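Novice: Here you go, one structure.
The values are calculated or read from the model by the stated rules, or taken from the named source; none is laboratory data. All of these numbers come straight from a predicted model, not from anything done at the bench. Please note: Cβ atoms are built from the backbone with ideal geometry, for glycine as well, and neighbour counts cover all protein chains shown.
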Amino acid sequence: MRRPFAVLAAALLVGAFAVPASADENDGFTIKDPRITESSGLAASRQHPGIYWTHNDSDDGAYLYAVDSATGETVATITMTGVGEPRDVEAISIGPGNELWVGDIGDNLGGTWPYVWIYRLPEPEQLRDQTIKATQYVVKYSDGARDAESLVVHPKTGRVYIVDKKEEGGQLYEGPAELSPSGTNVFKPIAPVDNLQATDAALSPNGEKLVIRSYFGAYAYDWNGGDIKKTDRLRVPFLGQGESVTYTAAGTKLMYGAEGSRSSVEPQDAPEGGGGSGSKSPSGTGSSSSDGGDDSGGGNIKRGALIVAVACAVVFGVRRVFRKG
C-alpha cells in the first residue's frame, strides 16, 4: 500500500475537514475508466467545457485522459511522444494558449532524483484517442533535490511554479521566465507555504488566487505576483487519499479529486477574488491570517492548524512505533 501514514492522517481528519454534500453536488462526478486508478492531477479544460484532464501517478506510461464530467467517462486518451519513460507524474495544469503542462516531479524516495521533468503539449482541438508530441524540460532546484506533487502555470504569463511536499510545510518555487528544452531549468524558492505535505495546487483563471491542498485540507493565498499571502482555510470534501484540485474553467468552483478506482471528483465554492462570481469564502471567515500580531479573523485557520498538528502527532507516533518494530 502506498503512503499508508498519509492515508491514516487523512482518515483522522474526517471529522475536522469533511463537510456535508454541497447544494451543487450534482456537479461532481466519478471517474469510471478502470485504467485510472491513481488520479494524481486534475485540470479543467477551457477549450472543451466540462472536460477534465487527469493522469495516473506512476507505472502507467506517457498517457493523459480527458474525462467528461457529465458522464465520468474517458472521451480521449493522449499518448505523449518525445519524452522519456515517466517516473512519477503528479500534476497537470493548463497554461496560456490551451497548452497542457505535466509535472513528472514526484520523488517518493525523499528527494533522490538529481533532476525531474516537465512536459508541455498543445491541448487537442478534437477529443479523440491520439498521439501528440510533447516538449520535455529538465528541472532542478537551486537548493537540492526534493519531492513535489504540485505544479501550476500562470494563466497570463505562462510562468511555471512548483510547490514541494514536506511534512513541516514547503516552498513555492519559481521557474525561469521561459523554460529551455535544451538545458537545465533551475527553480528557485520564492515564498514559504504552510500546507503540510502539499499534494496539488491550482491558480485561479485570473491568476490572482493560489489554492494548495494536502491530505489534510487546503489553503487559499493571494497571489501578489508570487509574494503569496495566506487568506483562508478551505472546506475540502473527504474523498479518501486527497491528491488533486483545480479551478473550474469559470473560476466559480474548486474541484477536488482523489486516488483509487472509481474515484470521485467533488466541487466546493472557490474563494473570493479568483475571477468567479464572488462567492463567500468557503472558510466562513473571509479574512486573512498574518505571521504575527492581531489574530482577529484567523481563529479558524489556527484551530485548523491545531487539528492538523494533533493528527500529525498521532501519525508520526505510529510511524515511530512501526520503525521500532
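Novice: Report, by residue number, each residue of region 69-96 that is closer than 14 Å to Ala43 by Cβ and crowded, with 17+ Cβ neighbours inside 10 Å.
Specialist: Result: Ser69, Ala76, Ile78, Val89, Glu90, Ala91, Ile92, Ser93, Ile94, Gly95.
Novice: Take region 197-254 and flag every residue that is out of contact with any Ser or Thr (no Cβ under 9 Å at 6 or more places or on another chain), among the small types (Gly, Ala, Ser) and farther than 24 Å from Pro49 by Cα.
Specialist: Gly217, Ala218, Gly225, Gly226, listed by residue number.
Novice: Would you say Gly72 is in contact with a Lys or Arg (Cβ under 9 Å, 6 or more places away or on another chain) and more than 27 Å from Ala218 (Cβ to Cβ)?
Specialist: Values: in contact with a Lys or Arg (Cβ under 9 Å, 6 or more places away or on another chain): yes; more than 27 Å from Ala218 (Cβ to Cβ): no.
In short, no.
Novice: Residue under question is Asn195, and the condition is that it be crowded, with 22+ Cβ neighbours inside 10 Å, part of a loop (DSSP other than H, G, I, E, B) and not charged (D, E, K, R); does it hold?
Specialist: yes
Novice: For region 235-248, which positions are among the aliphatic types (A, V, I, L, M) and at pLDDT 95 or above?
Specialist: Across region 235-248, the qualifying residue is only Val245.
Conditions tested, residue by residue: (1) in contact with an Asp or Glu (Cβ under 6 Å, 6 or more places away or on another chain); (2) farther than 28 Å from Lys156 by Cβ; (3) not acidic (Asp, Glu).
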{"position": "Ser45", "(1), (2), (3)": "no, no, yes"}
{"position": "Asn56", "(1), (2), (3)": "yes, yes, yes"}
{"position": "Asp59", "(1), (2), (3)": "no, yes, no"}
{"position": "Leu64", "(1), (2), (3)": "no, no, yes"}
{"position": "Ser69", "(1), (2), (3)": "no, no, yes"}
{"position": "Gly72", "(1), (2), (3)": "no, yes, yes"}
{"position": "Thr81", "(1), (2), (3)": "no, yes, yes"}
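Novice: Moving to a separate point now. What are the residue pairs meeting all of these: first residue in region 111-126, first residue in contact (Cβ under 8 Å) with a residue 60 or more places away in the chain, second residue surrounded by 16 or more Cβ atoms within 10 Å (Cβ to Cβ) and polar (S, T, N, Q), Cβ atoms under 7 Å, and 6 or more apart or on different chains?
Specialist: Pairs that qualify, where the first residue is in contact (Cβ under 8 Å) with a residue 60 or more places away in the chain and the partner is surrounded by 16 or more Cβ atoms within 10 Å (Cβ to Cβ) and polar (S, T, N, Q), are Glu123/Ser45.
Novice: Quick check on region 212-219. Is at least one of its residues closer than 30 Å to Thr74 by Cβ, at pLDDT 95 or above and in contact with a Gly (Cβ under 8 Å, 6 or more places away or on another chain)?
Specialist: yes
Novice: Further question on the same structure: Does Leu196 fit the bill of being hydrophobic (A, V, I, L, M, F, W, C) and touching a Gly at 6+ places or on another chain (Cβ under 7 Å)?
Specialist: The answer is yes for Leu196.
Novice: Of everything in region 154-184, what is more than 18 Å from Ser93 (Cα to Cα), out of contact with any Asp or Glu (no Cβ under 6 Å at 6 or more places or on another chain) and in a strand (DSSP E or B)? Give them in sequence order.
Specialist: Within region 154-184, Thr184 is the sole residue that qualifies.
Novice: Being closer than 14 Å to Val265 by Cα and touching a residue at least 40 places away in the same chain (Cβ under 8 Å) is true for just one of Ser93, Ser39, Ser45, Ser58. Which residue is that?
Specialist: Ser39 is the lone residue from the list that is closer than 14 Å to Val265 by Cα and touching a residue at least 40 places away in the same chain (Cβ under 8 Å).
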